[in-house]
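Okay, structure first, notes after.
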Amino acid sequence: MTDNSHKLITIERQITEQQGQFPEATGEFSKLLRDFTLALRIIARDVRRAGLNDILGYTNTTNIHGESVKKLDEFANDIIFRAMDHGGHLCVMASEESDGLIHIPKEYKCGRYVLTFDPLDGSSNIDVNITIGTIFSIYRRLDPQLETPGTIEDVLQPGYKQVCAGYALYGSSTQLVYTTGKGVDVFTFDPTIGEFLLSHAQIKIPQRGKIYSINEGNYKYWDKPLQEYVDYLKTPADDKSRPYSARYIGSAIADVHRTLFYGGIFMYPADSKSPNGKLRLIYELNPLAAIIEEAGGRATNGVDEILKVQPTEIHQRMPVFLGSTDDVLEAEQFLRGEHPSQQ
Ligand code: AHM
Ligand code: MG
């Protein structure tokens, strides 16, 4: 807990105060986020009840990536749409669970912002009561003067253009981790009053950690340099800086959240089975990279910074290495074959 612990600050107050720092602010962005946190509150409520409702189990449909979709994913996707379609703030949306762009219905005004989201990340963990979450990004539309529907170009913006990014984590408590480019704040949901309260202000990721997180079942599919890096992390060092501990939940959102607090490295690399990795640039990597970098860490695809990559299609996948700066730089050194232990 930081020295803010004596102050009670809700997410809405924080957003309003941050907006007040911009003379040109119209308050529209605050209203957009208020609508979005309503969706998060509803999803959190239903995630909490998941074991009680007849909501668990697979539907008979698959999403556009060919994966089985669970009912709770569809529910979360629908709730976000219904909370966000009519506010007049958005011109277009895109979701990991929807094929193509999600347009604003004709009867509603189109606004200045673009919303992209993964409604429920880690959905293979729903049935076993393990942390899942909602990941999101907000961009300004390319031409803010327009009042016409948003286009594919409005969605395909590089991550450094996000005006806001974050995630809600449905874990032992519900937390909203959020940045508008002024550091990272964490709000914890108090279900008794229905509010997100500031619990960790301006958090920073450790410069180096001692945990690595990767699906090591794919080891045989990896390139040699990546195998060498992970072998190195497991090799005891005289100064006790290694071996690292292995942690892998299989919800990117949970693995990244742990990395944010404890440091270390989270990886979903390319391999011979998945040449572009698994995670999606727009729905998962850009928002997670924004959080990690705002907290002082580093997020790359092994070569380029995630936030500088120009997306080419909305469901694009990309390898990722993110976490403590020193760990990610060291991983990149291995991938280039330049680490001293490889000479
Ligand atoms: P999802 O968005 O359909 O839940 O899939 C993404 C998830 C990530 O949360 C996680 O990092 C990854 O899939 C785990 O994949 P794997 O089982 O290949 O390790
Ligand atoms: Mg996901």
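Quick notes
- Cβ-Cβ distances below 6 Å connect the following pairs, each with a first residue in region 249-264 that is over 13 Å from residue 287 (Cα atoms), a second residue that is within 16 Å of ligand 2 (Cβ to nearest atom) and not hydrophobic (A, V, I, L, M, F, W, C), and a separation of six or more residues or different chains: 249/255; 251/122; 251/125; 251/131; 254/131; 255/213.
- Selection within region 82-140 - aromatic (Phe, Trp, Tyr), over 15 Å from residue 163 (Cβ atoms) and within 16 Å of ligand 2 (Cβ to nearest atom): none
- Failed item in (1) in a loop (DSSP other than H, G, I, E, B); (2) within 14 Å of ligand 1 (Cβ to nearest atom); (3) of a type in the set (Val, Ile, Thr), with residue 282 passing the rest: (1)
- Only a single criterion out of (1) under 22 Å from residue 255 (Cα atoms); (2) at pLDDT 95 or above is not satisfied by residue 126, namely (2).
- Residue 218 meets the conditions (1) outside the structural domain of residue 323 (by TED's automatic domain parsing); (2) not in a loop (DSSP other than H, G, I, E, B) in every case but one. The failed one is (1).
- Scanning region 245-271 for residues that are among the charged types (D, E, K, R) and within 16 Å of ligand 2 (Cβ to nearest atom) yields a total of 1.
The values are calculated or read from the model by the stated rules, or taken from the named source; none is laboratory data. Fair warning: this is a prediction, and the values are worked out from it, not measured in the lab. Glycine gets a Cβ as well: all are built from the backbone with ideal geometry, and neighbour counts include every protein chain shown.
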